[in-house]
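The values are calculated or read from the model by the stated rules, or taken from the named source; none is laboratory data. Everything quoted here is computed from the prediction, not taken from an experiment. Note that each Cβ is placed from the backbone with ideal geometry, even for glycine, and that neighbours are counted across all protein chains shown.
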Ligand code: DX5
Ligand code: ZN
C-alpha cells in the first residue's frame, strides 16, 4: 500500500497536537513536518521545540522535511525532538552527505530531496546513502501551490535507479498532491504521498487516505 504523509503545514498551528491526533486517527502513515528557515526558502515555520512539544500526542512516525541551509548543524536537535526520518535538500549549502551520515548515526532514516528545477543528476550522488528520496513537485516554501507535472519523470528515474542498483528507497512526492496528481505519481513509482491542503481542507480525511493507500506501489 502507498504510504500517506499529511503535511502539518496545512494544519491549524494553534492546535498542532490535536491536528496530529486527527491525522493519526484518519489513518495517516507518517506526519510530514515542514521545517523552513527563511534562508533556503522564503518562509519560516517551526523547529525542534515545537516538534518536541507535539511528540507526546501520537506515536505516528515523524517525517521531517528540512528546508534549511547547512542542515548538519541541526540534525541532533531534530533527532532528539523525536523525528524518525529526516530529509535534507541536495541544493542546501553545507555538508549534505555529512548531514545524512549524522542522521544515520542518530539511528534514524535519511532522506534526500530535490527541487523542481534540480536535475536528477544532482541528487544521484546521494541516493546510495538515502532511505528516501523526496521529489518536490512545487517550489518549496508554501502549501497550496499547483502540481508541476514536469517533475513526474524524476520519480520514474529514481524508481529505475533503485531497481538497477538493488536499493530499497522510498520515493516520496511533495507539493500539489491531490487524488489525480497522486495517482500519476504512484503510477510513476512513488511509494509515499505527502499532501497538505488537499487533505486538510476535508472535514474527514480518512476516506481519502484510505483511497490513496490503495493506489499502488510501496516498498
Ligand atoms: C512545501 C512543503 C509541502 C507542502 C505541501 O514547501 O514542502 O510539504 O506542505 O502542501 P500542498 O500539499 O498544499 O502542496
Ligand atoms: Zn514538505
request  = Output yes when any residue across region 141-150 is at pLDDT 95 or above, within 16 Å of ligand 1 (Cβ to nearest atom), under 14 Å from the mean Cα position of the chain (by Cα) and over 22 Å from residue 2 (Cα atoms), and no when none is.
outcome  = yes
ask   = Under the condition of being within 22 Å of residue 128 (Cβ to Cβ) and outside any loop (DSSP other than H, G, I, E, B), which residue from region 169-191 is farthest from ligand 1 (Cβ to nearest atom)?
value = 188
task = Could you look through region 169-186, keep only residues that are more than 15 Å from residue 213 (Cβ to Cβ) and more than 16 Å from ligand 2 (Cβ to nearest atom), and pick out the one that is surrounded by the most Cβ atoms within 10 Å (Cβ to Cβ)?
result = 169
ask   = Give me the pairs: first residue in region 141-165 and touching a residue at least 40 places away in the same chain (Cβ under 8 Å), second residue within 16 Å of ligand 2 (Cβ to nearest atom) and in a helix (DSSP H, G or I), beta-carbon distance under 7 Å, and six or more apart or on different chains, which are they?
value = 143/9; 143/10; 143/197; 144/197
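Taking region 23-33 as the search range and keeping residues that are buried (at least 18 other Cβ atoms within 10 Å of the Cβ) and in contact (Cβ under 8 Å) with a residue 60 or more places away in the chain, which one is nearest to ligand 2 (Cβ to nearest atom)?
This residue is 32.
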ask   = Which residue out of 80, 122, 70, 63 is closer than 30 Å to residue 24 by Cβ and surrounded by fewer than 21 Cβ atoms within 10 Å (Cβ to Cβ)?
value = 80
request  = Go through the residues of region 187-194 one by one and say whether even a single one is surrounded by fewer than 18 Cβ atoms within 10 Å (Cβ to Cβ) and modelled with pLDDT of 95 or more.
outcome  = yes
task = Might you let me know whether region 101-111 holds any residue that is at pLDDT 95 or above, assigned to a strand (DSSP E or B) and within 16 Å of ligand 1 (Cβ to nearest atom)?
result = yes
inquiry  = So, in region 199-212, exactly how many residues are over 14 Å from residue 173 (Cα atoms) and either in contact with a strand residue (DSSP E or B) (Cβ under 9 Å, 6 or more places away or on another chain) or not in a loop (DSSP other than H, G, I, E, B) (or both)?
reply    = 9
